[in-house]
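Below you'll find the structure, written out as structure tokens, and then a few comments.
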Amino acid sequence: MSLQQWANNGWLRAHASSAQEVADLLAIVERDLADAAGEISADWRFGIAYNAALKLCTILLYASGFRPEKNLAHYRTLAALPLILGAARKADADYLEACRTKRNTVEYDRAGAATHEDAAELATFARQLHGEVLAWLRKNHPRLTPKPPRS
């Protein structure tokens, strides 16, 4: 299935992103990756790392010209990862879906469901994905790639 087929199914809608929008989302990612290393509970660290990974997938989807419809927005954003970066990323999308479920548990149902190891693993994953998303943007959507700060 393709992103266009998802749009035809009503799961996505067209979206025109901008360099400023991408830069703003990347600033959230960078803040969240820094905060996820803080001295807070594993649940919160996990949730913050999840948010960073979600925003990276959001950047990929927006840069590809789409945004999710409101119903199942997080699910669709994460599930789009292999449609954008290639089928080899299906296991990563599955991992992020499991993280989404755990994040919902620690956010809405009970404390203590995420371990420090869970949080560290997800933060490491998000840091790696961050680099891959930047490289993908440079290659596929250079107009959306944030410019390095001036010295």
Scanning for something open to solvent by 40 Å² or more (accessible area, probe 1.4 Å), farther than 21 Å from Leu25 by Cα and at pLDDT 95 or above, does the stretch 131-151 turn up at least one residue? no
Do the conditions hold for Lys70, that is, is it open to solvent by 20 Å² or more (accessible area, probe 1.4 Å), of a type outside the set (Val, Ile, Thr) and within 11 Å of the chain's Cα centre (by Cα)? no
Which condition number in (1) under 20 Å from Thr145 (Cβ atoms); (2) open to solvent by 50 Å² or more (accessible area, probe 1.4 Å); (3) in contact (Cβ under 8 Å) with a residue 40 or more places away in the chain is the one that Leu33 fails? (2)
Test Leu61 against the criterion of being under 12 Å from the mean Cα position of the chain (by Cα) and either buried (at least 23 other Cβ atoms within 10 Å of the Cβ) or among the hydroxyl-bearing types (Ser, Thr, Tyr) (or both), and give yes or no. yes
For the stretch 74-96, enumerate the residues that are open to solvent by less than 50 Å² (accessible area, probe 1.4 Å), part of a helix (DSSP H, G or I) and farther than 23 Å from Ala19 by Cβ. Arg76, Leu78, Ala79, Pro82, Arg89, Asp92, Ala93, Leu96
Subset of the stretch 97-111 [farther than 24 Å from Leu12 by Cβ and either assigned to a helix (DSSP H, G or I) or open to solvent by less than 60 Å² (accessible area, probe 1.4 Å) (or both)]: Lys102, Thr105, Val106, Glu107, Tyr108, Asp109
If you take the residues of the stretch 38-73 that are more than 17 Å from Gly10 (Cα to Cα) and not in a helix (DSSP H, G or I), which of them is modelled with the lowest pLDDT? Gly38
Residues of the stretch 1-30 being touching a strand residue (DSSP E or B) at 6+ places or on another chain (Cβ under 9 Å) and either open to solvent by less than 40 Å² (accessible area, probe 1.4 Å) or outside any loop (DSSP other than H, G, I, E, B) (or both), in sequence order, are Leu3, Gln4, Trp6, Ala7, Leu12, Arg13, Ala14, His15, Ser17
Which pairs have Cβ atoms under 9 Å, sit 6 or more apart or on different chains, and link a residue in the stretch 121-132 that is touching a residue at least 60 places away in the same chain (Cβ under 8 Å) and in a helix (DSSP H, G or I) to one that is among the small types (Gly, Ala, Ser) and open to solvent by 70 Å² or more (accessible area, probe 1.4 Å)? Ala123/Ala37
Collect the residues in the stretch 112-130 that are surrounded by fewer than 18 Cβ atoms within 10 Å (Cβ to Cβ) and acidic (Asp, Glu), keeping them in residue-number order. Glu117, Glu121
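The values are calculated or read from the model by the stated rules, or taken from the named source; none is laboratory data. Please read all numbers here as calculations on a predicted model, not as lab measurements. No Cβ is skipped: glycine too gets one built from the backbone with ideal geometry, and neighbour counts run over all protein chains shown. Ligands, DNA and RNA are excluded from the accessible area calculation, which covers all protein heavy atoms including side chains. Shrake-Rupley method; radii C 1.70, N 1.55, O 1.52, S 1.80 Å.
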